[in-house]
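Bear in mind these aren't lab numbers, they're just calculated from the coordinates by the rules spelled out. Here the structure is a predicted model, which means the values were calculated and not measured. Here the Cβ is made from the backbone with ideal geometry for all residues, glycine too, and neighbour counts use every protein chain on show.
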Ligand SMILES: C[S@@+](CC[C@H](N)C(=O)[O-])C[C@H]1O[C@@H](n2cnc3c(N)ncnc32)[C@H](O)[C@@H]1O
C-alpha cells in the first residue's frame with residue numbers, strides 16, 4: 001500500500017515521466033529507501049516523500065538551464081544522497097545529462113554513496129568527504145542544494161552557492177539552533193519582545209522564522225531572487241521550509257539594508273556572516 005502511494009506521489013511529481021513499477025522498486029532498493037521485500041523502510045518512509053517533493057524544485061530549475069552545455073549540481077550534506085540519486089534517475093528519463101557532486105563530512109556516508117553509484121552505474125556522480133565550506137570544485141556549479149543539512153551547514157551551503165555564483169540555490173534547512181540560542185538576550189534588551197521570546201516553544205518558532213528570513217535577505221543581498229514556502233506537507237517533516245533562490249543580479253544594497261535592520265533589531269549574529277564577510 002505504502003509503496004503504491006509513494007509511486008503515485010512520484011508520478012504526480014513528474015507527470016511527464018514514465019515510471020514502471022518494477023524499475024522504481026529496483027531503484028528504491030538500490031538507494032536503500034526500500035527493503036528487499038519491496039516495502040519502504042518504515043523509518044525512511046517520510047524521507048522518501050520529502051525527497052520526492054524537494055526533487056521537483058531541483059528538476060524544474062535544471063530544466064530551465066540550457067541543454068547545450070554541461071550542468072553541474074552540488075548536493076551539500078548529501079548524507080545517503082537520496083536526493084541526488086532521485087534527481088539523476090528522473091533527469092535521465094528526460095534525457096538530461098548532469099554532473100553531480102555530493103559533499104558530506106561523514107566518510108562512511110560518502111563511501112556508501114559511492115557504492116550505490118557503482119551499483120547503479122551512475123558514473124556522472126562524484127562524492128567527496130569534506131566540510132561544505134571547505135570544498136572547492138574544479139568546475140562551474142550551476143545549482144547548489146541542501147536538504148536538511150544540519151543547523152549551520154545550511155549557512156555553509158548558501159555561502160558556497162553565493163561564492164560559486166551558482167544560478168540556483170535551493171535549501172530546506174534542518175534546524176535553527178544557532179540563532180535560537182541567541183534570542184534569550186533579545187528579550188532582555190527589548191522589553192516588547194519578552195512575551196514573544198520568554199517561552200521556549202515561542203522562542204523556537206520565532207528563531208525558525210527569523211533565521212530563514214535572514215537567510216533569504218542574505219541571498220537577496222547577493223542579487224538572488226528568493227521564494228520561501230513549504231515544500232512538503234508537515235506530516236512528512238516539520239522541517240519543511242524551502243528557500244529557492246535564483247541569481248538575477250549583483251550586490252543589492254536594499255536587501256543588505258533589510259538584512260542589517262532585522263539582524264540588529266534582534267541583536268543576533270547569524271553564522272552565515274562568518275562565511276560571507278560582506279554581510280557583517
Ligand atoms: C540530516 S542529514 C541529511 C542528509 C541528506 N541531505 C538527506 O536529506 O537525506 C545531514 C548531513 O549533513 C552532513 N553534514 C553536517 N554538517 C556538515 C558540514 N559542515 N559539511 C559537510 N557535511 C555536513 C552530515 O554528515 C549528514 O550526512
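A few notes on this one:
- Restricting attention to segment 46-74, the residues that are within 20 Å of residue 126 (Cα to Cα) and assigned to a loop (DSSP other than H, G, I, E, B) total 2.
- Sole exception among (1) buried (at least 19 other Cβ atoms within 10 Å of the Cβ); (2) out of contact with any strand residue (DSSP E or B) (no Cβ under 7 Å at 6 or more places or on another chain) for residue 42, by number: (1)
- Looking across segment 96-105 at every residue that is over 15 Å from residue 121 (Cα atoms) and in contact with a helix residue (DSSP H, G or I) (Cβ under 6 Å, 6 or more places away or on another chain), the one that is surrounded by the most Cβ atoms within 10 Å (Cβ to Cβ) is identified as 103.
- Criterion: on the phi < 0 side of the Ramachandran plot, out of contact with any helix residue (DSSP H, G or I) (no Cβ under 9 Å at 6 or more places or on another chain) and in contact (Cβ under 8 Å) with a residue 60 or more places away in the chain - qualifying residue of 60, 68, 93: 93
- So residue 112, is it within 22 Å of residue 16 (Cα to Cα), surrounded by 14 or more Cβ atoms within 10 Å (Cβ to Cβ) and free of Cβ contacts under 8 Å to residues at least 40 places away in the same chain: no
- Filter result (surrounded by fewer than 16 Cβ atoms within 10 Å (Cβ to Cβ) and near the ligand (Cβ under 8 Å from one of its atoms)) within segment 135-184: 150
- Failed item in (1) near the ligand (Cβ under 9 Å from one of its atoms); (2) in contact with a helix residue (DSSP H, G or I) (Cβ under 9 Å, 6 or more places away or on another chain), with residue 109 passing the rest: (2)
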